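What follows is one structure encoded as C-alpha cells, with my remarks underneath.
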Amino acid sequence: MSATKKKIFILFSGEMRFFYENILSINESLNDYDKIFLFYPWNHQSEVIKKFKKYYTKNHINYISENNWDKILEKIKYPDNAASISGGLFFMWDALTQSFSKLKHDLNDNDLILRFRSDIKINSKKLNLNLDNVKNNTLYIPDCYHWNGYNDQVFLSKVKTLSKFSNFFEFVNKSIEKNYFICPEYIFYKFLKKEKINTIFFEFDYQILKNKKIVENKDMLVKGGKSYIPIKDKITIKILKILYKFRNFKEFYLKKKKRNKNQNLFYD
C-alpha cells in the first residue's frame, strides 16, 4: 500500500502568463506531493485561464479586481529605477493580499501554501524541504534572486502565517511617507522584519521565463537610470548582500553561480 502524498496548495495570483514549461517542471519537481492549484487571476483574464484549466488539474479559480495605484505611485520619492514599482510591488502584492484574504476562508490554518508564478521553470529535481516540519510564523524562501532585499517570487508557509499580510499596504504607505527606498524585494524584507515573521532559506533552483521580443519592447518604456538609495537603506541592503554571499560562499565565489544575472530564461 503506497503512502499518502503530502498535500500542498500552489498559489498563482494576479496576471497569468501561460507557459507550458511551467506545468511540466511543476509535475516533475513536485511529483511527490498532492498538488492543488489555486488561481486568483485578474477578472479580465478569463480567456487565458481556459488554457490553465486544461493542464492544471485539481484547480480552484477565483477572479479578483485590479485597483488603481497612480496617486500613491506619484508620492514615491526614492523608487527602484531598475524595477517596475507598479507591477512588481503594487499590482503583485494587491493580487497576493486579496488572495490571502480569500483563501483563509476555504483552507485550514495549517494547510501549506506555495506562493508561485506562472512564468517559472523549475530546474531542481525536487523541493528541498521537509513539509512535515514547516513552522508557524515562518516563510521559507529560496536562497536566490534577492536583489536588494528578499526574494518575493516564491515562498512557502502555512495559511495562518499569511494572515499577517493583511496590513501590508499600510506598511507600504508609511514607508513612502518616511521616504524609504521603495523596491519590491526591500519592502518585502522590511515588512517581514516589522511583523517579526521568521525566514528560513532553502535551495531551490529555478528561472523566470521571458519572451525576448516582449521584454525588448517593454525595455523601451522602462525609466532606467541609477536609483538613489538613502544611506540608511543602502547600509541595510549592503549587509543583506554580504550575508547572502557568505551563506553561499562556495557557490557564489568559487563556482560563480547563484547570480542575479542568471534569473531570466529568454526564448524567441
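The values are calculated or read from the model by the stated rules, or taken from the named source; none is laboratory data. Note that the coordinates shown come from a computational prediction; the quantities given were computed from them, not determined experimentally. A quick note on method: Cβ atoms are made from the backbone with ideal geometry, for glycine too, and the neighbour counts reach across all protein chains shown.
So is Thr161 in contact with a Ser or Thr (Cβ under 7 Å, 6 or more places away or on another chain), modelled with pLDDT of 95 or more and surrounded by fewer than 22 Cβ atoms within 10 Å (Cβ to Cβ) or not? No: the conditions fail for Thr161. Among the residues of segment 223-247, those that are aromatic (Phe, Trp, Tyr) and either buried (at least 16 other Cβ atoms within 10 Å of the Cβ) or in a helix (DSSP H, G or I) (or both) comprise Tyr244, Phe246.
Listed by position, the strands (runs of 3 or more DSSP E) inside segment 88-155 whose residues that are at pLDDT below 95 and more than 19 Å from Lys35 (Cα to Cα) number at least 2 form an empty set. Look at segment 250-268: where a residue is closer than 11 Å to Gln207 by Cα and a partner is basic (Lys, Arg) and modelled with pLDDT under 95, sitting 6+ places away or on another chain with Cβ atoms under 9 Å, you get Asn264/Lys210; Leu265/Lys210; Phe266/Lys210; Phe266/Lys212. Checking the structure you have, find out if any residue of segment 29-39 is crowded, with 17+ Cβ neighbours inside 10 Å, at positive phi, assigned to a strand (DSSP E or B) and not aromatic (Phe, Trp, Tyr). No. Of Lys178, Lys250, all but one fail to be of a type in the set (Lys, Arg), under 30 Å from Asn130 (Cβ atoms) and out of contact with any Ser or Thr (no Cβ under 7 Å at 6 or more places or on another chain); the exception is Lys250.
Among residues of segment 120-144 being within 12 Å of the chain's Cα centre (by Cα) and either under 17 Å from Trp93 (Cβ atoms) or hydrophobic (A, V, I, L, M, F, W, C) (or both), the one that is surrounded by the most Cβ atoms within 10 Å (Cβ to Cβ) is Ile141. Across segment 42-87, which residue is surrounded by the most Cβ atoms within 10 Å (Cβ to Cβ) among those that are acidic (Asp, Glu) and outside any helix (DSSP H, G or I)? Only one residue fits best here, namely Asp80. Name the residues in segment 33-63 that are aromatic (Phe, Trp, Tyr), touching a strand residue (DSSP E or B) at 6+ places or on another chain (Cβ under 6 Å) and in contact (Cβ under 8 Å) with a residue 60 or more places away in the chain, would you? Passing the criteria: Tyr33, Tyr40.
On inspection, Asp111 fails the criterion of being surrounded by 13 or more Cβ atoms within 10 Å (Cβ to Cβ), among the acidic types (Asp, Glu), under 21 Å from the mean Cα position of the chain (by Cα) and over 25 Å from Asp132 (Cβ atoms).
Return yes or no: is Lys58 in contact with a Lys or Arg (Cβ under 8 Å, 6 or more places away or on another chain), basic (Lys, Arg) and over 29 Å from Asn260 (Cα atoms)? When the stated conditions are applied, Lys58 passes them. When Phe12, Phe19, Phe90 are checked against the criterion of being under 25 Å from Asn130 (Cα atoms) and either crowded, with 19+ Cβ neighbours inside 10 Å or touching a residue at least 24 places away in the same chain (Cβ under 8 Å) (or both), Phe12 stands alone in meeting it. Annotation: of all residues in segment 38-87 being of a type in the set (Ser, Thr, Tyr) and farther than 20 Å from Val154 by Cα, the one that is modelled with the lowest pLDDT is Thr57.
Residue check: is Lys213 loosely packed, with under 14 Cβ neighbours inside 10 Å, without any contact (Cβ under 8 Å) to a residue 60 or more places away in the chain and part of a loop (DSSP other than H, G, I, E, B)? In short, no.
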